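The values are calculated or read from the model by the stated rules, or taken from the named source; none is laboratory data. Because the structure is a prediction, the values reported are computed rather than measured. Note: ideal-geometry Cβ built from the backbone for every residue, glycine included; neighbour counts use all protein chains shown. Areas reflect the complete protein model, heavy atoms only, side chains present, ligands, DNA and RNA absent. Shrake-Rupley method; radii C 1.70, N 1.55, O 1.52, S 1.80 Å.
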Amino acid sequence: MKFVLATQNPKKKEEMVAILGDLGVDIVTEEELGIHVEVEETGKTFGENAALKAKAVMEATGLPAIGDDSGLCVDALKGAPGVYSARYGGPDMDDYGRCKLILDGLKGETDRRAHFETYIVCAFPNGDWFAAKGECQGSIAFAAMGNNGFGYDPIFFRTEEQKTFAQMTAAEKAAISHRGNALRSFKTKLEKYLAEHPEG
């Protein structure tokens with residue numbers, strides 16, 4: 001069965017293929033199909049945004065589509081940046097600026113609890129769909145540390161590993177991250193779906 005990823009990010013394909021490769025499914029990107037679907041992320045939750053992306057790309061291609069949405073939620077900031085994680089601070093701000101904005105917003109704050117969250121939604125042309133969720137609990141460091149990863153990784157600290165995400169190797173991060181957890185859950189659900197629908 002062929003699935004299209006509702007993303008312009010080639011790294012997400014690598015990640016998806018690495019997890020789903022042994023299921024014998026064919027993963028393609030929008031770019032590989034020669035399309036670009038602009039989806040307005042109007043959802044109030046990660047799940048709603050992931051579903052909007054999957055449904056729009058499924059309708060545009062006629063293929064089962066996989067959409068995802070992720071973000072950082074900081075307790076002391078009332079869950080911000082949340083669904084606005086990629087746009088926090090405005091469209092012109094870069095990752096460094098967004099990390100600084102979070103650190104500045106927590107100056108003098110002792111409650112630094114935070115978590116990352118990912119939702120993955122798969123939408124099928126026959127109306128079927130399912131979702132998988134992944135979370136990773138941590139806290140906001142007092143300063144950015146590490147050069148790996150992207151986004152908020154330099155300020156997301158894990159007490160268990162005594163490292164930020166940006167100080168971890170890709171393998172260390174994948175073993176515990178919200179995306180890793182969501183992808184593993186997604187694989188289990190997709191495996192079950194494929195077993196129940198062998199005709200595709």
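Here are a few things to note about the model shown:
- Solvent-accessible area assigned to carbon and sulfur over region 72-147 amounts to 54 percent, based on a 1.4 Å probe.
- Low-density loop positions, GluC sites (Glu not before Pro), region 1-75 - DSSP coil, at most 10 other Cβ in 10 Å: GLU38, GLU40
- Once backbone amide H atoms are built at 1.01 Å from N, LYS163 has ARG158 as its partners under 5 Å, excluding neighbours fewer than 5 places away on the same chain.
- Taking amide H as placed 1.01 Å from N in the peptide plane, the amide H of ILE27 sits under 5 Å from that of PHE3, each at least 5 places away or on another chain.
- Alpha-carbon centroids, region 180-199 and region 94-113: separation in whole Å: 37
- Karplus-derived 3J(HN,Hα) values for region 43-57, using 6.51 cos²θ - 1.76 cosθ + 1.60 with θ = phi - 60°, are x, 8, 9, 4, x, 5, 5, 4, 5, 4, 5, 4, 5, 5, 6 Hz; glycine and proline are entered as x.
- Cross-link pairs LYS78/LYS107; LYS13/LYS163; LYS13/LYS100; LYS55/LYS100; LYS44/LYS107; LYS55/LYS78 - those with Cα-Cα distance over 25 Å: LYS13/LYS163; LYS13/LYS100; LYS55/LYS100; LYS44/LYS107; LYS55/LYS78
- Within the shell defined by Cβ-Cβ distances under 10 Å, the residues around PHE116 carry a net charge of -2, with Lys and Arg each +1 and Asp and Glu each -1.
- Solvent exposure of region 5-80, expressed per residue, is 51 Å² of accessible area, with all protein chains present and a 1.4 angstrom probe.
- Calculated over region 112-200: convex hull of Cα atoms, volume per residue (Å³): 104
- Amide H contacts under 5 Å for GLY79: VAL74, restricted to partners 5 or more places along the chain or on a different chain, H placed in the peptide plane at 1.01 Å from N.
- Percent of C-alpha pairs per 10 Å bin in region 63-137, short distances first: 17, 39, 26, 13, 4, 0.
- Listed values for region 117-125 are Karplus-derived 3J(HN,Hα) couplings in whole Hz (6.51 cos²θ - 1.76 cosθ + 1.60, θ = phi - 60°), namely 9, 10, 10, 10, 10, 10, 10, 10, x, and x replaces Gly and Pro.
- For ASP94, ASP68, ASP104, the ranking by accessible surface with the largest value first comes to ASP94, ASP104, ASP68, using a 1.4 Å probe.
- When the charge dipole of the chain is built from unit charges on Cβ atoms (+1 for Lys and Arg, -1 for Asp and Glu) and taken about the Cα centre, the candidate among LEU101, GLY71, LEU20 whose Cα reaches farthest toward its positive end is LEU101.
- Karplus (6.51, -1.76, 1.60) ³J(HN,Hα), θ = phi - 60°, over region 171-182, in Hz, Gly and Pro reported as x: 5, 4, 5, 4, 5, 10, 6, 4, 5, x, 5, 5
- For trypsin sites (Lys or Arg not before Pro), the sites in region 78-140 that DSSP calls loop and that have at most 13 other Cβ atoms within 10 Å are LYS78, LYS107.
- Note that region 91-200 presents 54 Å² accessible area per residue, ligands and nucleic acids not counted, probe 1.4 Å.
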